[in-house]
Amino acid sequence: MTRLRVRFAETDQMAVAHHGAYAAWLEVARVEWLREHGYAYTELEAQGVSLAVSALTVRYRSAARFDDELRVEPRLAAVGSRGCRFTYEIRRDADDALIARAETTHVAVDRRGRAVRIPDDWHAFLERQVEREHA
């Protein structure tokens, strides 16, 4: 889980978080999730592979406003040989209100942007995490 505070620069004239901020929040939570589970995303990139976002869906439930403290809770939902999928819940700390549910789908790509297989060590790690998430 990642905690963050809605910054003024992420809001519109009504002090409501702009929809574009959500993609960055999901990325922060995903990278931190990997780190918390013992794998730094930079290690994957050092192997010449990135996990490119191929799909992003956000279902907004309530407004996030300037200075709200939020919790972004990622969950690894699925992994395949060339990609994975995360789901997320974003909640406001003050009242536990559900702000949004989201999903990102990722494809492994090399430095030229071509789809590749996820490296074996990473694939095994991700599969173990999916099994734990669904146990």
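The values are calculated or read from the model by the stated rules, or taken from the named source; none is laboratory data. All of these numbers come straight from a predicted model, not from anything done at the bench. Note that we place each Cβ from the backbone using ideal geometry, even for glycine, and neighbour counts take in every protein chain shown.
Of all residue pairs spaced 6 or more apart or on separate chains, those with beta-carbon atoms under 8 Å, a first member in segment 1-18 that is on the phi > 0 side of the Ramachandran plot and a second member that is assigned to a loop (DSSP other than H, G, I, E, B) and surrounded by 11 or more Cβ atoms within 10 Å (Cβ to Cβ) are Ala15/Phe66. Would you confirm whether any residue within segment 36-43 is modelled with pLDDT of 95 or more, surrounded by 15 or more Cβ atoms within 10 Å (Cβ to Cβ), over 12 Å from the mean Cα position of the chain (by Cα) and not in a helix (DSSP H, G or I)? The answer is no; no qualifying residue exists. In summary, Ala40 fulfils each of the numbered conditions (1) touching a residue at least 24 places away in the same chain (Cβ under 8 Å); (2) among the hydrophobic types (A, V, I, L, M, F, W, C); (3) under 18 Å from Gln129 (Cα atoms) with the single exception of condition (1).
Can you confirm whether Gly80 is at pLDDT below 95 and either acidic (Asp, Glu) or within 18 Å of Arg128 (Cβ to Cβ) (or both)? Judged against the criteria, Gly80 is not a match. Taking segment 103-124 as the range and being farther than 27 Å from Arg7 by Cβ and either surrounded by fewer than 17 Cβ atoms within 10 Å (Cβ to Cβ) or over 18 Å from the mean Cα position of the chain (by Cα) (or both) as the test, the residues that pass are Asp110, Arg111, Arg112, Gly113, Arg114, Ala115, Val116, Arg117, Pro119, Asp120, Asp121, Ala124.
Out of curiosity, is Thr57 at pLDDT below 95, closer than 26 Å to Arg132 by Cα and among the β-branched types (Val, Ile, Thr)? Taking the combined requirement at face value, the residue does not satisfy it. Residues in segment 56-93 that are surrounded by fewer than 18 Cβ atoms within 10 Å (Cβ to Cβ) and of a type in the set (Ser, Thr, Tyr): Thr57, Tyr60, Ser62, Ser81, Thr87.
Can you name every residue in segment 71-83 that is within 11 Å of the chain's Cα centre (by Cα) and more than 20 Å from Tyr60 (Cβ to Cβ)? The answer is Leu76, and nothing else. Answer with yes or no whether Ala23 is of a type in the set (A, V, I, L, M), in contact with a His (Cβ under 9 Å, 6 or more places away or on another chain) and loosely packed, with under 15 Cβ neighbours inside 10 Å. The answer is no for Ala23. The condition (being on the phi < 0 side of the Ramachandran plot and over 17 Å from the mean Cα position of the chain (by Cα)) is satisfied by just one residue among Ala21, Ala100, Ala64: Ala64.
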